[in-house]
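The block underneath contains the structure these notes are about, expressed in structure tokens.
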Amino acid sequence: MTPEALTATLDALKKAGSVYGVMLQRGHDVIFSDLPFENDKVKELSDVIDDIVYFYAQESRCPDQLAFRYDGGNLVILFKEGHRMVVLHRSADEADSISKSATSFFCDYLTGEAVNSF
């Protein structure tokens with residue numbers, strides 16, 4: 001997937017309900033971020049996600065998605081094949097629909113990655 005296609009697809013995800021930020025990671029590397037934060041805050045959030053992944057790994061648990069509420073909003077984190085997507089949104093009621101949209105993106109993105117690797 002080209003950087004332009006990636007940006008366009010993730011921008012479309014932002015139109016889903018009350019979404020106001022998306023970050024896509026491969027392992028520890030941030031592939032895409034349009035979070036409404038400065039770079040140091042994006043890095044800090046990425047580090048927190050790393051800690052969450054580490055915690056679950058220590059417990060021998062591998063969740064495919066997590067949802068959290070925090071002061072000022074909500075976030076959904078999806079995990080798939082070494083990738084992570086963080087979606088910030090305002091309405092807790094939208095967590096399921098946002099998760100479905102993000103999962104669809106992951107399927108398309110990872111299929112494209114597999115095709116490109118050939």
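Tabulated data for the structure shown
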{"item": "Pair list, Cβ < 6 Å and 6+ apart or interchain, from region 17-42 residues that are in a loop (DSSP other than H, G, I, E, B) to residues that are surrounded by fewer than 16 Cβ atoms within 10 Å (Cβ to Cβ)", "result": "Ser18/Arg90; Ser18/Ser91; Gly27/Gly82"}
{"item": "Filtered residues of region 27-45 (kept if under 14 Å from Met85 (Cβ atoms) and exposed (fewer than 13 other Cβ atoms within 10 Å of the Cβ))", "result": "Gly27, Asp29"}
{"item": "Residues of region 55-84 that turn out to be exposed (fewer than 10 other Cβ atoms within 10 Å of the Cβ) and not hydrophobic (A, V, I, L, M, F, W, C), as a count", "result": "8"}
{"item": "Per-region count, region 9-26, residues within 12 Å of the chain's Cα centre (by Cα) and surrounded by fewer than 14 Cβ atoms within 10 Å (Cβ to Cβ)", "result": "1"}
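Values in this text are rule-based calculations from the coordinates and carry no lab data. Keep in mind that this is a model prediction, so the values were computed, not measured. Positions of Cβ are generated from backbone atoms using ideal geometry, with glycine treated the same way; all protein chains shown enter the neighbour counts.
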